Structure formats: C-alpha cells, structure tokens
Amino acid sequence: MANIKSQKKRIITNAKRTERNRAVRTELKSRVKDARETVGTPENAEAVRLAAKRLDMAAAKGIIHPRQAARRKSRLMKKVNAGK
C-alpha cells in the first residue's frame, strides 16, 4: 500500500475509472451483439443506430481509441449490409 497521500487518492480514482470504463465496455459489447443478432429484422436499424452511437460516445470519452470505434462500426455495417 502506498504511503504518499496523492498516491492513495490516485489508487481510489483509478479504481472508480476502471469500474466506469468496464461498464461502458460491457454495454458496447451488448449493443454490438444485439445489432448483429437482429440483422434482417425490422428492429435492426434501431439496434445498429444505438451501437454506433455508443461506440462514438466511448471513443469521445477516451474509453476506446477512435480508430477502434471506426473499425468496429465498419465491420458492423459490413455485416448488416451483407445480411439485407
């Protein structure tokens, strides 16, 4: 355990950030999975829109890299367009 006051605070803030980021990443996986599973159904457009929105938000907040968000959206769109 750290002895320095600022390091103790850093440990606490890192734990909070990790927990928040984990929640966002889990939601990302769920949204993308829902979008993939609904390919060819009427609900697909809404699922894809929400998945893309969450990917963009995560990239904007620095939770995932912007290029990773672009790559994941691109792959999702490929699957959606191939399934129509």
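The values are calculated or read from the model by the stated rules, or taken from the named source; none is laboratory data. Remember, predicted model here, so these are calculated numbers, not experimental data. Heads up, the Cβs are rebuilt from the backbone with ideal geometry, glycines too, and the neighbour counts pull from every protein chain shown. Accessible surface areas use protein heavy atoms only, side chains included; no ligands, DNA or RNA. Shrake-Rupley method; radii C 1.70, N 1.55, O 1.52, S 1.80 Å.
Between residue 70 and residue 15, what length in nm is gained on full extension when 0.36 nm per residue of separation is reduced by their alpha carbon distance?
17.0 nm is the gain from fully extending residue 70 to residue 15.
Could you size up the charge dipole of the chain around its Cα centre, putting +1 on the beta carbon of Lys and Arg and -1 on that of Asp and Glu, and report it in debye to the nearest 20? Please report the intermediate quantities before stating the final value.
Numbers: 25 positive and 7 negative charges, 107 e Å.
Here the size comes out at about 520 debye.
Would any residue of the range 8-35 have its amide N under 20 Å from a label point 7 Å out along Cα→Cβ of residue 43? List them or say none.
Flagged as within label range: 26-35.
Averaged over every viewing direction, what's the projected area of the C-alpha convex hull for the chain? Give it in nm², one decimal, please. Don't skip to the answer; put the middle values down first.
Numbers: hull surface 24.7 nm².
With every direction weighted equally, the projected area is 6.2 nm².
Set the Förster radius R0 to 35 Å, insert the Cβ-Cβ distance between residue 8 and residue 57 as r into 1/(1 + (r/R0)^6), and round the FRET efficiency to 0.05.
Result of the calculation: an efficiency of 0.70.
Suppose all protein chains stay in the model; what accessible area per residue would a 1.4 Å probe give for the chain, in Å²?
On the way: 6450 Å² over 84 residues.
In whole numbers, the chain has 77 Å² accessible per residue.
So what is the 222 nm mean residue ellipticity for the chain from helices alone, if each DSSP H run of at least 4 adds -39500 (n - 2.57) and you divide by all residues, rounding to the nearest 500 deg cm²/dmol?
Helix-only estimate at 222 nm: -29000 deg cm²/dmol.
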